[in-house]
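Chemist: Please see the structure below; I have some questions.
The values are calculated or read from the model by the stated rules, or taken from the named source; none is laboratory data. Here the structure is a predicted model, which is why all the values come from computation and not from measurement. Heads up, the Cβs are rebuilt from the backbone with ideal geometry, glycines too, and the neighbour counts pull from every protein chain shown. All accessible areas refer to the heavy atoms of the entire protein, side chains included, with ligands and DNA or RNA removed. Shrake-Rupley method; radii C 1.70, N 1.55, O 1.52, S 1.80 Å.
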Amino acid sequence: MRSYLLPDFLVQVSDACIGCGRCVRECSFSALEMSGKRPKANHARCVACRRCVVFCPTGAISVQRNQVASRDNAYWPVALRSDLLRQAQTGGILLAGAGNDLAYPSIWDHLLLDASQVTNPSIDPLREPMEVTTFLGSKPAALRVAESATGELHLETELPPQLRLDTPIIIGAMSLGAVNLNVHRILARAAQAAGTLWNCGEGGLHEELYPFGPQTIVQVASGRFGVHRHYLEQAAAVEIKMGQGAKPGIGGHLPGEKVTAEIAATRMIPEGADALSPAPHHDIYSIEDLAQLVGALKQATNYSKPVGVKIAAVHHVAAIASGAARAGADFITIDGFRGGTGAAPKVVRNHMGIPIELALAAVDDRLRQEGIRNQVTLIASGGIRCSADMVKAIALGADLVAIGTAALISLGCTLCQACYTGRCAWGLTTQDPALAARQNVEEGVERLGNLLNAWSAELKEMLGALGINAVESLRGNRERLRAVGLDGETLAILGVQAAGRE
Amino acid sequence: MSLSASPAVELDATGLHYQELNARLATLAAAGSRRLVVRNVLGQRFIGTGLPGEVELELHGTPGEDLGAFLDGPTLRVFGNAQNAAGNTMSSGLIIIHGAAGDIVGHSMRGGQIWVQGSAGYRVGIHMKACPNGGPAVIVGGSAGDFLGEYMAGGVLIVLGLANGDNGRLVGNWLGTGMHGGAIYVRGEFPGYRIGRGAGQAPCDDGDRALLRAYLGPYCAEFGLDLEQVLASPFTKLAPLTARPYGRLYAGSVGEL
């Protein structure tokens, strides 16, 4: 069948080209090949990952959008029509990588933070102590303090397990399979250096990274890949993955081609076999069932570490979060509809779920109304792009945020969305050893570490400007947020006033 | 598979919450007890979870949900019925049930064995996997409910239909749906419409018969069955039609205009 599709991008090579062939070697999508002394482009294969442009020693390459004219049509955009043609030619479900890229409004961009002026002086974080230490774990409703005979005070209340983080940012779940072992090495080491946690995702934890257990949240998902006694024992915390913002309500298929010997050993499945994560957990069809798995995991880890639940932000997220809290979760990760993925049906990624901002506000409200907010640490994830998003999330009620896409961008990701092909030119979402080797672990740790440090520094700057000296005082402090351009219903859900209101 | 010669420690589970019972078992195991006999078990969950590999537990009564969840080594011998999710995500060890079992027996297990004397409920062996170092097995003496071996990715499921009280129905519907590894053996025949998408009947050859003999020998010894008599009836084998049941569900990759 003849394809009616046109290339999305055009690769152009200028006269500055010295014919070194670097671009050809860098292009993992075979969009470039040498033709004589010059690279020749197969435009259709270009995903605009920018790898060739960044690495061309003479700056001879540029990539342009293929601007073939068609009659303007605001209702039938070119991208949508291309998808229709692709489906007409294949009959398959269209896949996509990374997060939802459609132009839904971003509520973060309609929220602004307060700042101190005159009567409520700001604090200079460069010379005043600024507390951003965050504890992950269930908090008791009340504390009992007793005084000993010698007058010393001590805590009588037995605290549930707590994890101390030096900053309210953790690295969100990305599985071995979605990303490669080199990336996991970077995430683990960067988390350790920053005094925070990373999440190994649902594909198990490579044995080499077991020493990073104290920095690791391990996942238990519907496929139960790599879940065994030692996996649970070495972890800092365990997260039951019920949902993912990029693909709420559905599971995942890691195709057999990606199940290398390394992945197979870690996931504990045969090499080359499809790794199917079913949509639901086979043992969870109710909150009571969820409570049973939370209980089983607490029993398996001897009640020594937090056990949490990750849910996608969907319509009834507040009720679901309340159920998860009552099921014994010590923390709840809410993953918004902008969250990333290694592969998801495009239609699901682009059209299912709700924004994290609204979900977070609704969950925080519900848990407060029910008097159980203290029982869980709330983690907001799914499209946290910068420290401002983080600060706004904390003001809306999050205890901390998890970043995935932002972490990958720090390592070179250009959001070309070809993760599902396994050909990532930046060596992130690929199991090809030659491509994975493009991620230098030490350099990656430095890049991601720099990002985490920069966000933490910016957090302190913003707290100082707000006149707050501890991140805890910002948590759920929606009075410090104002909105521009949001309707009344959205303001009511957010619990935020319009800018200009006293 | 009899209990070893070391002296047994007895425990009475009457009135004990599961957390208390499991804590006592863990304490005894940590102190070196290797044989633990628990009487009057009544619904306590997660028994065996987190215990070290050398421990043998004898449970009298009805253990609760998730018996031996994440089990890694111990032998659990139940004199009574088990509830749902026995052997959930277990890695190794042996669960023997002198009675019937509930739903999702051996969910996602990747090693060890579960022997049920009587019948078992729905979704037995769902998403079982073959670990790199050896596959799991679930043997059900009676009948099994719907979705037996659904999403099965490895290991062996055997249904004998011996203590069959369900009007002669050996297995339920949607048998082996989405199966992409492992094998299911059913002693006897059943209508083809019960087989789900992804699974298909395969001939039971000498290799299969040797495998059945190896698995069923210790099972029959445990429950006082005549191995030769059990093996005398023909078995129906089910195997995955492909290791990639959903390989063609998606459109082609980048560059395939």
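Chemist: Ranked highest first by the average count of other Cβ atoms within 10 Å around their residues, in what order do A:85-96, A:308-319, A:212-223 fall?
Modeler: A:212-223, A:308-319, A:85-96
Chemist: In a solvent-free Debye calculation with one equal scatterer on each Cα, what is log10 I(q)/I(0) for the protein assembly as shown at q = 0.05, 0.07, 0.08, 0.09 Å⁻¹, listed in the order of the q values?
Modeler: -0.29, -0.56, -0.72, -0.89
Chemist: Just checking the output field for A:274-281: average partner chain Cβ neighbours within 10 Å of each residue's Cβ?
Modeler: On the way: counts 10, 3, 7, 2, 6, 0, 0, 4.
That works out to 4 on average.
Chemist: Right, another one. Heavy-atom accessible area per residue, chain A, 1.4 Å probe: how many Å²?
Modeler: On the way: 21410 Å² over 502 residues.
Here the per-residue accessible area is 43 Å².
Chemist: For residue A:501 and residue A:158 in the same chain, what is the full-extension length gain: residue separation times 0.36 nm, less their Cα-Cα distance, in nm?
Modeler: On the way: separation 343, 0.36 × 343 = 123.48 nm, distance 4.34 nm.
Extending this stretch completely gives an extra 119.1 nm.
Chemist: Could you compute the net charge surrounding residue B:150? Neighbours are other residues with a C-beta less than 11 Å from the C-beta of residue B:150; K and R count +1, D and E count -1. Don't skip to the answer; put the middle values down first.
Modeler: Values: positive: B:123, B:197; negative: B:146.
Once positives and negatives cancel, what remains is +1.
Chemist: Near residue A:37, which aspartates and glutamates are there with a Cα under 14 Å away, not counting those fewer than 8 places off in the same chain?
Modeler: Partners found: A:15.
Chemist: Looking at region B:33-142, what % of its DSSP beta bridges pair antiparallel, to the nearest 5?
Modeler: On the way: 1 of 25 bridges.
In region B:33-142, approximately 5 percent of DSSP beta bridges are antiparallel ones.
Chemist: Contact order normalised by length for region A:144-247, with contacts defined as Cα pairs under 8 Å and 6 or more residues apart; what percent is it?
Modeler: Numbers: 155 pairs, mean separation 21.0, N = 104.
Across region A:144-247, relative contact order equals 20 percent.
Chemist: What is the distance, in nm, between label points placed 7 Å from the Cα along the Cα-to-Cβ direction at residue A:25 and at residue A:369?
Modeler: Modelled inter-label distance: 6.2 nm.
Chemist: So what is the orientation-averaged projected area of region A:220-371, using the convex hull of its C-alpha atoms, in nm²?
Modeler: Numbers: hull surface 36.9 nm².
Quarter of the Cα hull surface area: 9.2 nm².
Chemist: Quote the convex hull volume per residue of region B:108-256, based on C-alpha atoms, as a whole number of Å³.
Modeler: So the per-residue Cα hull volume is 121 Å³.
Chemist: Can you list the residues, at least 5 places off or on another chain, whose amide H is less than 5 Å from the amide H of residue A:308, using H built in the peptide plane?
Modeler: Excluding prolines and chain starts, which carry no amide H, the hits are A:238, A:239, A:240, A:330, A:331.
Chemist: Within a Cβ distance under 10 Å of residue B:129, other residues only, what is the Lys/Arg minus Asp/Glu net charge? Don't skip to the answer; put the middle values down first.
Modeler: Details: positive: A:224, A:267, B:110; negative: none.
For residues surrounding residue B:129, the net value is +3.
Chemist: Name the aspartates and glutamates eligible as straight-distance cross-link partners of residue A:392: C-alpha to C-alpha under 16 Å, and not fewer than 8 places from it in the same chain.
Modeler: Within the straight-line limit of under 16 Å, residue A:392 reaches these aspartates and glutamates: A:109, A:114, A:335, A:357, A:364, A:365, A:458, A:461, A:472, A:479.
Chemist: If the cut-off is a Cα-Cα distance under 26 Å, which lysines reach residue A:346, setting aside same-chain residues fewer than 8 apart in sequence?
Modeler: Cα-Cα hits under 26 Å: A:241, A:247, A:258, A:310.
Chemist: Translational diffusion coefficient, Stokes-Einstein: compute it for region A:167-255 using the Kirkwood radius over C-alpha pairs as Rh, at 25 °C and 0.890 mPa s, and state it as an integer in µm² s⁻¹. Don't jump to the answer; show the numbers that get you there.
Modeler: Working: Rh = 13.0 Å.
D = 188 µm²/s.
Chemist: Another question, then. Could you state how much accessible area is buried at the B-A interface, both sides summed, with a 1.4 Å probe, in Å² to the nearest 100? Please list the in-between numbers first.
Modeler: Values: alone 11620 and 23360 Å², together 31040 Å².
Interface between B and A: roughly 3900 Å².
Chemist: Please give the average number of partner chain Cβ atoms lying within 10 Å of the Cβ of each residue in B:49-56, rounded to a whole number. All intermediate terms of the calculation are to be shown ahead of the outcome.
Modeler: Values: counts 9, 9, 1, 1, 1, 0, 0, 0.
So the per-residue partner count for this stretch is 3.
Chemist: Roughly how crowded by other chains is peptide A:83-90, in terms of the mean Cβ count from those chains within 10 Å of each of its Cβ atoms?
Modeler: Shielding by partners across A:83-90 averages 2.
Chemist: Once you have a ≥ b ≥ c as the square roots of the Cα gyration tensor eigenvalues for region B:58-111, tell me rounded if a/c is under 1.5, and otherwise prolate or oblate according to whether a/b is larger than b/c. Mind showing how you got there, number by number?
Modeler: Values: a/c = 2.19, a/b = 1.34, b/c = 1.63.
Cα axes put region B:58-111 in the oblate bin.
Chemist: Relative contact order, percent, of region A:211-265 when contacts are C-alpha pairs under 8 Å separated by at least 6 residues?
Modeler: Values: 41 pairs, mean separation 18.7, N = 55.
So the answer I get is 34 percent.
Chemist: Could you tell me the distance between the Cα centroids of region A:9-58 and region A:81-134, to the nearest Å?
Modeler: 32 Å
Chemist: Please give the solvent-accessible surface of residue B:226 in Å², to the nearest 10, using a probe radius of 1.4 Å with every protein chain present.
Modeler: 80 Å²
Chemist: Also: Given contacts defined as C-alpha pairs under 8 Å and at least six residues apart, what's the relative contact order of chain A, whole-number percent? Write out the running numbers ahead of the final one.
Modeler: Details: 1061 pairs, mean separation 93.0, N = 502.
Averaging sequence separation for qualifying contacts and normalising by length gives 19 percent for chain A.
Chemist: Could you check the spin-label model distance between residue A:150 and residue A:37? Points 7 Å from the Cα along Cα→Cβ, value in nm.
Modeler: 8.6 nm
Chemist: Kindly rank B:233-246, A:451-464, A:422-435 from highest to lowest mean number of other beta carbons found within 10 Å of each residue. Don't jump to the answer; show the numbers that get you there.
Modeler: On the way: B:233-246: 17.1, A:451-464: 19.9, A:422-435: 22.0.
So the peptides B:233-246, A:451-464, A:422-435, ranked by packing, come out A:422-435, A:451-464, B:233-246.
Chemist: Measuring from label point to label point, each 7 Å out along Cα→Cβ, what is the residue A:78 to residue A:446 span in nm?
Modeler: 4.0 nm
Chemist: Turning to a different aspect of this structure: What is the extension gain from residue A:5 to residue A:304, computed as 0.36 nm multiplied by their sequence separation minus the C-alpha to C-alpha distance, in nm to one decimal? If you can, show how the numbers build up before the last one.
Modeler: On the way: separation 299, 0.36 × 299 = 107.64 nm, distance 5.60 nm.
Full-extension gain reported as 102.0 nm.
Chemist: Ignoring ligands and nucleic acids, what accessible area does residue A:346 show with a 1.4 Å probe (Å², nearest 10)?
Modeler: Surface accessible to solvent at residue A:346 totals approximately 50 Å².
Chemist: Here's another thing I want to ask about it. May I ask for the net charge around residue A:216, where only other residues with Cβ less than 11 Å from the Cβ of residue A:216 are counted and Lys, Arg are +1 while Asp, Glu are -1?
Modeler: Details: positive: A:305; negative: A:239.
It works out to a net charge of 0.
Chemist: Something else: For chain B, evaluate the Debye formula with one uniform point scatterer on each Cα (no solvent term) and list log10 I(q)/I(0) at q = 0.07, 0.10 Å⁻¹, rounded to two decimals.
Modeler: At q = 0.07, 0.10 Å⁻¹ the computed log10 ratios are -0.25, -0.48.
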